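In what follows, a structure is listed as structure tokens, so that the remarks can point back to it.
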Amino acid sequence: MTSSTLLPASASASASATGTRLVVAEDLLALLRTTTTEPRPDEQLEALTLAVAADLPVLLWGEPGIGKTAALTQLAASLDLPLTTVIASVHEPTDFSGLPIVGDDPTVQGVPMAPPQWAVELVRAGRGLLFLDELSTATPAVQAALLRVVLERRVGALQLPPGVRIVAAANPRASAADGWELSPPLANRFVHLYWVHDREVVVRGLGGIWPRAELPSLVPERLPEAVAYARRAVCGFLQARPTLIHRLPNTETRRGGAWPSPRSWEAALTLLAFGTAASASREVLALLVRGAVGDGPGLELLAHLDRMELPDPESLLADPASAELPARGDLRQAALEAVVAAVGARPQRARWESGWAVLVRALETGVPDLLVAPATALAALRRDDWEVPEAVERLAGVIGLARLADQSVGRATAAAEARRTTEARR
Amino acid sequence: MEKLLAARLHAVKVRPYLAGALFALHVVEDRSVPTMAVDAHWRCYVSPGFVAHTPVEELAGVWVHEVSHLLRDHHGRGERYAREHEEYGPGERLRRNIAADFEINDDIYGDGLPRPAGAVLPLLLRLPDGLLMEEYLRRASMSGLAADLAWLDCGSGADGHDRPWELGPDGAHGLNKQQRDAVRFRVAEGIKGRPGEAPEGWRRWADEAFHPPQPWRQLLGAAVRSAASASGAGEDHSYRRPSRRSAAVPGVLLPSLRRTPPRVCVVIDTSGSVSDAELGSALLEVAAISRAAGGRRDLVSVISCDAAAGIAVPLCRAENIELIGGGGTDLRSGFARALRSRPRPDVIVALTDGQTPWPSAQPPCRTVVGLFPRPASAVNEQNPDYAPDTPPPWARVVTIS
């Protein structure tokens with residue numbers, strides 16, 4: 001029964017007037033919805049895309065109303081995947097674990113767990129983006145059932161096909177009404193991304209221009225190289241820091257977040273390979289790696305990547321004249337210290353001399369003060385029968401600088417000493 | 001330039017743990033800078049005139065001062081403060097700069113690093129040392145100082161406000177956010193790795209740089225709520241009665257939503273070492289949390305506990321709880337008392353300063369400990385070797401400060 005049959009005949013004229021009013025309203029709405037986009041790099045979205053492409057479950061943390069759903073819509077459109085949104089808090093546990101249906105003879109047939117419609121449709125489509133929203137406001141039983149969907153990709157008796165990617169969203173503890181939090185084993189399975197809004201993007205978007213992120217795409221030629229790089233990075237790092245392989249979160253502040261374990265290191269390795277193959281920026285890699293293994297271990301791995309990119313000390317020693325040293329002071333000093341360490345590991349006169357040549361090269365291309373420590377260390381490696389190479393004379397300025405600094409430290413200590421004695425006398 | 005670099009070496013020599021950060025700074029010579037200034041991208045702008053008439057040892061202090069602005073993320077914090085309090089404009093910028101300087105200057109000098117003549121100290125406004133920039137900003141107007149210190153300018157690295165001489169995010173030799181984090185992280189790890197070398201202020205910074213302390217209210221709330229919503233209590237699905245949906249789907253078994261409010265028992269350490277104000281605020285918090293988690297007021301009971309446990313008092317009105325006790329503490333009696341009460345609590349929340357023995361076995365319900373931190377130097381006079389046990393691993397511990 002439609003509403004028009006209820007209206008008396010005389011009211012149909014006013015009904016058509018309402019109709020035209022609605023048409024005008026729709027025109028206004030259409031105008032409001034006409035927005036343009038501009039290309040704008042978006043690191044969050046790039047990280048999300050890479051993690052989804054890598055088929056790792058992603059958990060978006062963010063305050064309500066911040067645009068997580070909008071981001072997911074854009075992601076689904078750009079990956080050309082149908083989006084299925086399931087709002088966890090309005091469902092019952094059986095909607096995810098399957099509805100038990102009592103048949104004629106349960107002892108013979110068993111009780112089948114019937115999956116809900118959205119799952120059946122996802123399986124029929126074979127591919128899609130499953131977005132589990134409002135994870136943190138669902139009851140614990142619903143969450144427990146949902147985690148099986150996320151981890152085992154199972155809804156009742158149905159197995160979700162590999163073409164289905166899963167993203168979940170939760171409100172941070174501070175704003176979550178029920179304060180649900182992930183237990184460490186569950187937190188360990190997600191890549192945690194923290195969704196924040198950019199003031200500029202929001203203001204500009206409300207003005208009619210939304211950003212359009214350039215989504216990273218994987219370069220087929222770079223795949224083997226990316227895998228080799230990621231393996232070398234993670235294995236080399238864990239060899240140097242074995243204590244970071246597995247570390248349960250121990251304080252209340254770190255609960256519910258990412259933490260390092262063999263599982264999450266594997267995720268980090270996968271993400272690193274995907275990021276490299278897509279030529280993603282360091283910021284995006286940082287978001288992903290920190291989201292997989294946690295802030296501390298993630299930052300340490302990134303620092304390790306920085307070190308991996310330092311020039312190889314042996315090739316610097318082989319050809320000091322054309323050595324390319326990093327421009328940043330702290331990295332440059334690290335590279336020079338690596339050179340000195342390489343000389344110290346196999347002290348030979350020729351290597352010692354080319355070590356000095358590398359230092360001279362560094363002096364010619366940058367500031368002198370960071371040469372003091374490596375030069376002192378290199379000088380200490382001298383054997384009695386080695387003559388000081390001529391090149392060292394060009395480092396005289398560095399020695400002068402070191403002397404100036406020493407004198408200044410001496411003055412400062414003397415002044416402090418003098419002040420202490422006068423105070424004591426008083 | 002030579003003098004400036006010698007000063008950097010001086011700084012590295014007396015503060016070796018800051019070497020990485022000091023060397024990561026890129027020096028830009030600029031005559032329009034009043035003295036020395038940093039921007040958020042780790043460039044250091046230097047006035048040649050200032051270098052010429054400042055002794056090397058004082059320049060070393062300025063180096064450490066400027067790099068401290070960057071390490072302590074004063075630009076990010078300054079911007080956040082400005083946004084939260086809607087305080088913009090040159091006067092406010094100066095206020096933030098002064099507050100940031102207070103935070104730095106009260107603990108970086110000395111020990112081989114003389115304090116430069118113009119360094120501003122919290123003493124100027126009769127403020128205590130050791131506070132954070134935000135606390136200084138909240139406590140004092142600093143308007144009296146502003147006129148005298150208008151020349152003071154540490155650049156956008158100190159307050160997040162761009163200056164005309166700065167090269168901006170796209171200029172040469174800047175560090176991006178990830179690189180800045182990496183440098184800060186390495187310095188923090190260096191300090192944590194060799195804690196003996198760095199003073200207290202830097203050690204605290206290193207501990208908190210990448211794990212800022214969360215407000216205890218939220219942590220306590222999350223702990224109590226997650227304990228209260230565990231199986232057996234709270235709002236959850238159960239098969240005890242059929243769901244209302246069942247009528248619509250014959251042949252299907254559905255659970256229904258049932259609410260079992262959690263019974264929370266708060267054991268309060270009323271020994272002399274915990275102040276009434278601390279207890280009051282923590283207790284009100286627990287009551288509010290358990291109400292939010294679905295509990296009724298009559299389901300929250302309170303046991304005050306010193307050497308012996310008092311009686312469990314139902315919390316009907318938060319105002320009239322009588323906290324009896326004083327003297328030594330033995331929380332074990334409090335736990336025993338809580339577990340003896342009928343019906344048994346689903347959650348025990350212990351509020352204590354931790355100067356107590358703990359039960360040897362895990363109680364048969366969730367346990368949350370709200371811990372009032374006490375300085376490690378508090379020594380028992382009768383028994384100087386006495387060190388209180390740390391809370392047991394089965395309890396979730398929230399530090400209340």
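The values are calculated or read from the model by the stated rules, or taken from the named source; none is laboratory data. Every value quoted in this text rests on a predicted model; they were computed, and no experiment measured them. Cβ sites come from the backbone with ideal geometry, for glycine too, and all protein chains shown count toward neighbours. Accessible surface areas use protein heavy atoms only, side chains included; no ligands, DNA or RNA. Shrake-Rupley method; radii C 1.70, N 1.55, O 1.52, S 1.80 Å.
Computed values, structure above
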| quantity | calculated |
| --- | --- |
| Sum of side-chain charges, residue A:404 neighbourhood, beta-carbon under 13 Å (Lys, Arg +1; Asp, Glu -1) | +1 |
| Rg(Cα) / (2.2 N^0.38 Å) computed for segment A:308-371, rounded to two decimals | 0.99 |
| Per-residue mean of C-beta atoms belonging to partner chains within 10 Å, peptide A:415-425 | 1 |
| Loop-located GluC sites (Glu not before Pro) in segment A:314-388 whose Cβ has at most 16 other Cβ within 10 Å (DSSP) | A:324, A:387 |
| Residue A:105-residue A:159 FRET efficiency (beta carbon distance; Förster radius 22 Å; 0.05 resolution) | 0.25 |
| Residue of A:56, A:83, A:395 that the Gaussian network model of chain A assigns the largest fluctuation, springs spanning Cα pairs under 10 Å | A:395 |
| Residue mean of other protein chain beta carbons inside 10 Å, B:19-29 | 4 |
| Highest-MSF residue in chain A out of A:95, A:55, A:330 [GNM, Cα springs under 10 Å] | A:330 |
| Loop chymotrypsin sites (Phe, Trp or Tyr not before Pro), segment A:347-420, which have at most 16 other Cβ atoms in a 10 Å radius of their Cβ (DSSP) | A:386 |
| Residue B:163 long-range amide H proximity, modeled H, under 5 Å | B:156 |
| Dipole magnitude (debye, nearest 20) for segment B:18-171, charges at Cβ of Lys, Arg, Asp, Glu | 180 debye |
| Max mean-square fluctuation residue, GNM over chain A, Cα-Cα springs under 10 Å, options A:238, A:401, A:299 | A:401 |
| Relative contact order (percent, whole number), segment A:219-301, Cα cutoff 8 Å, 6+ residue spacing | 35 percent |
| Projected label distance in nm at residue A:418 and residue B:177, using a 7 Å step from Cα toward the beta-carbon | 4.9 nm |
| Partner lysines for residue B:13 [C-alpha distance under 17 Å; skip if fewer than 8 residues away on the same chain] | B:3 |
| Other-chain or far-sequence residues with amide H under 5 Å of residue A:42's (modelled H) | A:214 |
| Accessible area buried, both sides summed, chains A and B with 1.4 Å probe, Å² | 4700 Å² |
| Accessible carbon and sulfur surface of segment A:374-426 relative to its total accessible area, %, 1.4 Å | 52 percent |
| Burial ranking of peptide ranges A:264-270, A:117-123 (average Cβ count within 10 Å, highest at the top) | A:264-270, A:117-123 |
| Peptides ranked, highest mean first, by Cβ atoms within 10 Å: ranges B:58-65, B:114-121 | B:58-65, B:114-121 |
| Paramagnetic label zone (point 7 Å from Cα along Cα-to-C-beta, residue A:199; backbone N under 12 Å) in segment B:159-198 | B:160-162 |
| Residue mean of other protein chain beta carbons inside 10 Å, B:47-59 | 2 |
| Å² of accessible area per residue within segment B:38-86, as computed with a 1.4 Å probe and no ligands counted | 29 Å² |
| Protection proxy ranking of B:14-20, A:96-102 - average other beta-carbon atoms within 10 Å, highest first | B:14-20, A:96-102 |
| Accessible surface ranking that places the most exposed of B:154, A:235 first, with a 1.4 angstrom probe | A:235, B:154 |
| Cβ-defined net charge surrounding residue A:367, 14 Å radius [Lys, Arg +1; Asp, Glu -1] | +1 |
| Probe 1.4 Å, protein heavy atoms only - accessible area per residue of chain A in square angstrom | 50 Å² |
